[in-house]
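See structure below.
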Amino acid sequence: DDESGLWTMTITNTQEDQKTKNMSSIRTIPLHPKLIELGFVDYVQNLTHERVFPELKRGRDGYGQAPSKWFARFRDKVLPNAKNEHKAYHSFRHTFINALKQSGVSRSHAAAYVGHGDGSETFGRYGKAYVASALAPILDNITFDFDIKPYVLPN
């Protein structure tokens, strides 16, 4: 984000093969500092393709079906009880939203991150989207205790 100097991700539907559920789904959000630390920006800057995950193939309902199926297979191998606990690919979204809630993040800020409309007359109708610098400090309070290896640039 040139204005704030923050690394951001824009979710949009400007390409023919992209679609979003509604106008609130279109958003620019700051990247979590952990993603930057793990090398996500380096990964994106070294892409030779216009899409962030070019290996994903478009299915009937977009690009989400293949990662969801992959996750289910991975989950069953690594976390055998997770299926019985109804943990699915979409559970990451639930976990993130719950972390926002438990950290005391306002509904309006949480909605901005996950692409939900504000719903209020004041902010939903008259307020513009949050700028990245207004959302970024929230991520400092959202952490998870797991170990991930950083992205290593190919030789």
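Identify all residues within region 41-56 that are open to solvent by 40 Å² or more (accessible area, probe 1.4 Å) and either polar (S, T, N, Q) or not in a loop (DSSP other than H, G, I, E, B) (or both); write none if there are none. Correct list: D42, Y43, V44, Q45, N46, T48. Residues in region 30-40 that are over 19 Å from T10 (Cβ atoms) and surrounded by fewer than 15 Cβ atoms within 10 Å (Cβ to Cβ): 2 in all. State whether the residues of region 2-12 include one that is under 23 Å from D140 (Cα atoms), in contact with an Asp or Glu (Cβ under 6 Å, 6 or more places away or on another chain) and open to solvent by less than 70 Å² (accessible area, probe 1.4 Å). Yes: region 2-12 contains one or more residues that are under 23 Å from D140 (Cα atoms), in contact with an Asp or Glu (Cβ under 6 Å, 6 or more places away or on another chain) and open to solvent by less than 70 Å² (accessible area, probe 1.4 Å). Checked against (1) open to solvent by 60 Å² or more (accessible area, probe 1.4 Å); (2) within 19 Å of T8 (Cβ to Cβ); (3) of a type outside the set (F, W, Y); (4) within 18 Å of the chain's Cα centre (by Cα), A111 passes all but a single condition, namely (1).
Every test in (1) of a type in the set (D, E, K, R); (2) closer than 25 Å to H116 by Cα; (3) open to solvent by less than 50 Å² (accessible area, probe 1.4 Å) is passed by R60 save one, and that test is (3).
The values are calculated or read from the model by the stated rules, or taken from the named source; none is laboratory data. A quick note: this is a predicted structure, and the numbers were derived from the prediction, not measured. As a convention, Cβ positions derive from the backbone with ideal geometry for all residues, glycine included, and neighbour counts pool all protein chains shown. With ligands, DNA and RNA removed, areas are computed over all heavy atoms of the protein, side chains included. Shrake-Rupley method; radii C 1.70, N 1.55, O 1.52, S 1.80 Å.
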